[in-house]
Amino acid sequence: MGKALIIGAGGVASVVVHKCCQVPDVFEEICIASRTKAKCDALKEKLDGGRTNIQTAQVDADNVAELVELINEFKPDIVINVALPYQDLTIMDACLETKVDYLDTANYEPLDTAKFEYKWQWAYKEKFEEAGITALLGSGFDPGVTGVFSAYALKHYFDEIHTIDIVDANAGDHGYPFATNFNPEINIREITANGRYYEKGEFVETAPLEVKRVYDLPEIGPKDVYLLYHEELESLAKNITGIEKIRFWMTFSEKYLTHLRVLENVGMTSIEPIVFEGQQIVPLQFLKAVLPDPASLGPRTKGKTNIGCIYQGTKDGEPKTYYVYNVCDHQECYREVGSQAISYTTGVPAMIGAMMMLTGKWKKPGVFNIEEFDPDPFMEALNEYGLPWHEDFNPTLID
Ligand code: NDP
């Protein structure tokens with residue numbers, strides 16, 4: 001049915017490639033392109049032999065001309081961006097120039113400021129409309145499935161949703177004293193930033209990790225959850241009818257937070273460049289270089305993740321609550337695709353989003369967040385392709 005250019009060859013890209021190869025009728029041909037071609041070749045070697053034809057290429061995704069050349073050569077129907085958020089705009093520029101659909105899993109960030117804002121990518125809306133191509137922003141788990149869950153809740157169970165609590169729990173243990181489950185730079189930038197939640201038309205700021213609750217999660221048990229800002233809050237606040245309050249909660253163990261506090265106190269999480277022995281380095285990038293590679297955590301990680309959304313609102317004038325969540329087992333993911341659940345829960349929705357676009361189910365010119373499309377075919381695909389979801393109509397609420 002179609003050809004996909006997959007940019008990036010890291011943890012998430014590896015899952016995307018595995019999952020695309022499981023659906024060869026949709027992904028007839030893929031090209032894996034990254035800075036380091038050897039990583040793309042290693043993935044190809046693992047997966048060659050199936051019905052999906054796999055090519056590889058070297059590309060610097062910061063360079064629009066290089067991207068355009070690669071797109072013109074491979075002629076994909078869609079570009080799946082699973083490189084880093086810094087590359088979003090250059091890849092969108094290349095898609096515009098070549099009139100090819102675009103998908104990513106994280107919003108654009110400038111290298112020097114961690115902002116987590118959609119404004120740069122939303123600014124492409126008219127250009128994508130004029131070019132007649134689709135950009136699907138944030139097709140991972142959070143953002144991604146959390147937006148699909150929200151559209152599904154609104155479509156089937158509520159007239160109005162008033163509050164959303166997104167709870168992202170990872171009860172996995174990799175056995176290291178400290179490691180991050182995905183790109184450490186992105187992960188630490190997210191956690192050390194101020195917390196923020198949406199209430200009655202504005203964002204309320206908190207100190208980093210200031211707000212903590214304990215939530216008892218299905219299949220995982222009670223966990224400390226901390227209020228963080230997360231990028232889907234911005235789009236959900238805009239796209240979900242009647243919304244008054246949205247909060248995002250993530251679990252962290254005491255051990256993880258102690259390490260992080262020390263690293264922060266000694267300046268290792270800073271993104272301000274310093275001069276070291278005549279060379280400019282960014283402390284956080286140096287820290288990334290000494291921490292375990294997230295891709296190496298797969299075989300060691302045991303336990304489960306649980307990510308879901310708790311909704312409160314009204315239906316036919318009556319108050320209503322609804323909780324929808326997915327539980328994913330690290331070891332099962334590893335057995336299936338050779339990655340732990342964090343990469344898995346991001347890579348599967350990226351493949352499904354691309355499948356929605358290639359099959360024409362989600363196709364309209366412009367730039368869209370995931371909750372702006374019909375959630376039903378995506379929800380079905382989640383059950384089919386490895387991320388089954390569960391519903392609870394009487395969940396415990398977070399105060
Ligand atoms: P990794 O660091 O494992 O992989 C990133 C890949 O991008 C690497 O292969 C790297 O190439 C490649 N890359 C970086 N810069 C360039 C460039 N200039 N040109 C070409 N390739 C480049 O990250 P993850 O796989 O963990 O994360 C991928 C994306 O997924 C990130 O944007 C992350 O924010 C997002 N994400 C989203 C989640 C969600 O739920 N929505 C959850 C987790 C992650 P090389 O290896 O050659 O250096």
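For the reader, a short list of remarks on this structure follows.
- GNM on the chain, alpha-carbon springs under 10 angstrom: the most fluctuating residue among Asp216, Asp224, Asp77 is Asp216.
- Proximal lysines to Lys302, defined as alpha-carbon separation beneath 19 angstrom and excluding residues fewer than eight positions away on the same chain: Lys223, Lys255
- Couplings 3J(HN,Hα) of region 389-396, computed from phi: 10, 10, 10, 9, 8, 9, x, 5 Hz, in residue order, whole Hz [Karplus 6.51 cos²θ - 1.76 cosθ + 1.60, θ = phi - 60°; x for Gly and Pro].
- Averaged per residue, region 2-137 has 40 square angstrom of accessible surface, using a 1.4 angstrom probe with ligands and nucleic acids left out.
- Centroid-to-centroid separation of region 311-376 and region 135-195 [C-alpha atoms, Å]: 11
- Net charge contributed by nearby residues that have their C-beta within less than 10 Å of Gly147 (K/R +1, D/E -1): -4
- Among Ile370, Ile281, Ile71, the largest mean-square fluctuation in a Gaussian network model of the chain, built with springs joining Cα atoms closer than 10 Å, belongs to Ile281.
- Hydrodynamic radius (Kirkwood) for region 145-339, which is based on Cα pairs only, to one decimal in Å: 18.4
- Taking the Cα centre of region 145-339 as origin and assigning +1 to Lys and Arg Cβ atoms and -1 to Asp and Glu Cβ atoms, the resulting dipole is close to 280 debye.
- Residues whose placed amide H lies under 5 Å from that of Ala171, excluding near-sequence neighbours: Lys304, Thr305, Asn306
- Of Ser235, Val282, Val225, farthest towards positive along the dipole that unit charges on Lys, Arg, Asp, Glu beta carbons give region 210-283: Val225
- Whole-Hz ³J(HN,Hα) from phi, Karplus 6.51 cos²θ - 1.76 cosθ + 1.60, for region 210-221, glycine and proline x: 6, 9, 10, 9, 10, 10, 8, 9, x, 6, 10, x
- Applying a length cut-off of 24 Å (Cα extent along the axis) and a mean Kyte-Doolittle floor of -0.5 to the DSSP H helices of the chain leaves 341-358.
- Sites Glu199 and Ser296 - FRET efficiency at Förster radius 30 Å, r taken between beta-carbons, to 0.05: 0.15
- Structure note, pairs Lys212/Lys288; Lys46/Lys361; Lys3/Lys125; Lys3/Lys99; Lys125/Lys363: Cα-Cα distances above 19 angstrom occur for Lys212/Lys288; Lys46/Lys361; Lys3/Lys125.
- Phi to ³J(HN,Hα) by Karplus 6.51 cos²θ - 1.76 cosθ + 1.60 over region 122-130, Hz, x for Gly, Pro: 4, 5, 8, 3, 5, 5, 5, 4, 4
- Around Thr241: net Lys/Arg minus Asp/Glu count, Cβ-Cβ under 13 Å: -2
- Accessible area of Trp389 in the full protein assembly, 1.4 Å probe (Å², nearest 10): 50
- Computed lengthening from Thr359 to Asp48, 0.36 nm per intervening residue step minus Cα-Cα distance: 109.6 nm
- In the complete set of protein chains, residue-level accessible area for Ser150 is approximately 0 Å², probe 1.4 angstrom.
- Classification of region 16-116 by its C-alpha gyration tensor yields a prolate form. The axis ratio a/c (a ≥ b ≥ c) is 1.5 or more, and a/b outweighs b/c.
- Residues whose amide H falls under 5 Å from that of His162, counting only those 5 or more places apart or on a different chain, are Gln312, Gly313, Thr314, with hydrogens built in the peptide plane.
- Residue-averaged 222 nm ellipticity for the chain, from DSSP H runs of 4+ at -39500 (n - 2.57), nearest 500: -10000 deg cm²/dmol
- Excluding same-chain neighbours fewer than eight residues apart, the aspartates and glutamates reachable from Lys127 by a Cα-Cα span under 14 Å are Asp93, Glu97, Asp101.
- Amide H within-cut-off set for Lys361, under 5 Å, with H built and near neighbours excluded: none
- Global size of the chain as Cα Rg and Dmax, reported in angstrom: 20.2, 67
The values are calculated or read from the model by the stated rules, or taken from the named source; none is laboratory data. No experiment lies behind these values; they were computed from the predicted model shown. Ideal geometry is used to build each Cβ from the backbone, glycine not excepted, and the neighbour counts take in all protein chains shown. Heavy atoms of the whole protein, side chains included, go into the accessibility calculation; ligands, DNA and RNA do not. Shrake-Rupley method; radii C 1.70, N 1.55, O 1.52, S 1.80 Å.
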